[in-house]
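Readers should treat all values here as calculations from the given coordinates under stated rules, not as data from a laboratory. As the structure is a prediction and not an experimental result, all values here were calculated from the model. Here the Cβ positions follow ideal geometry from the backbone for every residue, glycine too, while neighbour counts run over all protein chains shown.
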Amino acid sequence: MQKDIETLFGHLWDNYIKVTPSAHKVHALLGGGEPIVNDHVAFRTFNLPKVGLEKLAAHFLALGYEEKGQYEFKAKKLKAKHFEHKDPDAPKVFISELKVEELSAPAQAIIQSLVDQVPDYLTDAPAFLYAGAPWRVSYADYQTLLAESEYAAWMAAWGYRANHFTVSINRLRDFDTIEAVNAALKNAGFVLNSVGGEVKGDPEVMLEQSSTMADKADVAFTDGVKTIPSCFYEFALRYPQADGILYPGFVEASADKIFESTNAM
Ligand code: OOG
Ligand code: NI
């Protein structure tokens, strides 16, 4: 991998494991001592101009990534795009953004007050991608957002970071199926996201996915420290297209359910 890509993913990983300590256990369980190859990493944001999807994407475009697919999640009020790099070892990137204008006036006001706290220079540096929440937020506001959009609440608490890494099952030595991966995870005590079934997708759509339910970690809200869902690990098995190349995209119906991995259990 290019040095600058490797460096960025190193920072993203270091930041992610601080709030997702079970990721170490995932690697030990599935890697069998070999390094894990990540299929993709995902980011979330609000669609306000200062911090929108394109602001995050710019840092990946600068590293040679190219925009590929576009996705829409009407009920969750989200849009997303995915990006790929020519280097097959460089994880794909999935970036979603919340359509803030579709929320209630009180929720919009909270989100605007958070984004107003972001200094302009911050979004121009690659470190923006692992800056965490560059604002102060109260637990009361977190709960107001949670009642309307779990995604909005998660963003308010956790901000800019890899929301999940994704094990490429295709690149594992010891596992060939997503069912075998899920069984190993459950044996080790992991709780999987079961929304719509533990396996999302099938060979027909050329992508099967599963995910853990997010770890829990402490957030210092302005009115106290609370323990809330943080980040999760995803598992993806890709199937070859007619041309023999593994399907490189995402599947809206499956992604819609993966978003729910940060729900409280
Ligand atoms: C992204 C959910 C979608 C996938 O691989 O389909 C996704 C998120 O939870 O932010 O990661
Ligand atoms: Ni994902």
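Taking Cα centroids, how far is segment 135-195 from segment 213-259 in Å?
5 Å
Roughly how tilted is helix 139-148, in degrees to the nearest 10 and between 0 and 90, from the longest Cα axis of the chain?
The answer is roughly 60 degrees.
Over 5 Å intervals from 0, what percent of Cα-Cα pairs in the chain sits in each interval?
Taking every Cα pair in the chain, the percentages come to 1, 6, 13, 18, 20, 18, 13, 7, 3, 1, 0, 0.
Along its principal axes, what span do the Cα atoms of segment 170-265 show, with the longest given first and each in whole Å?
Extents along the principal axes: 56, 28, 22 Å.
Only residues of segment 169-194 count here: report those whose backbone N is under 11 Å from the spot 7 Å along Cα→Cβ of residue 265, or say none.
Residues 186, 189-194 fall inside that zone.
Which order do 123, 222, 20 fall in if you start with the one that has the fewest other Cβ atoms within 10 Å? Can you show the working numbers first?
On the way: 123 21, 222 10, 20 25.
Lowest count first: 222, 123, 20.
How far is it, in nm, from the label point at residue 6 to the one at residue 58 when both lie 7 Å from their Cα along the line to the Cβ?
In this crude label model, residue 6 to residue 58 measures out at 2.8 nm.
Cut-off is 10 Å between beta-carbons; in what order do 13, 135 appear when sorted fewest neighbours first? Display every interim value, and only then the final one.
Numbers: 13 17, 135 14.
By the 10 Å Cβ count, ascending: 135, 13.
Taking other Cβ within 10 Å of each residue's Cβ, how do 5, 258, 110 sort, fewest first?
Details: 5 18, 258 26, 110 22.
Ascending Cβ contact count within 10 Å gives the list 5, 110, 258.
May I ask for the distance between the Cα centers of segment 26-51 and segment 89-110, given as a whole number of Å?
Taking the Cα centre of each part, segment 26-51 and segment 89-110 sit 18 Å apart.
What does the helix-only formula give at 222 nm for the chain: each DSSP H stretch with n ≥ 4 adding -39500 (n - 2.57), the total divided by the residues, and the result rounded to the nearest 500 deg cm²/dmol?
Values: 8 runs with 83 residues, N = 265.
The helix contribution divided over the chain gives -9500 deg cm²/dmol.
How would you order 189-198, 164-173, 227-236 from highest to lowest mean count of nearby Cβ atoms within 10 Å? Mind dumping the intermediate values first?
Values: 189-198: 15.0, 164-173: 19.8, 227-236: 22.3.
Packing proxy ranking, top to bottom: 227-236, 164-173, 189-198.
Starting from the Cα-Cα distance between residue 247 and residue 174, subtract it from 0.36 nm times their residue separation and give me the gain in nm to one decimal.
Values: separation 73, 0.36 × 73 = 26.28 nm, distance 2.17 nm.
My answer for the length gained is 24.1 nm.
Label points 7 Å out from Cα along the Cβ direction at residue 220 and residue 102: separation in nm?
Once both label points are built, they end up 3.5 nm from each other.
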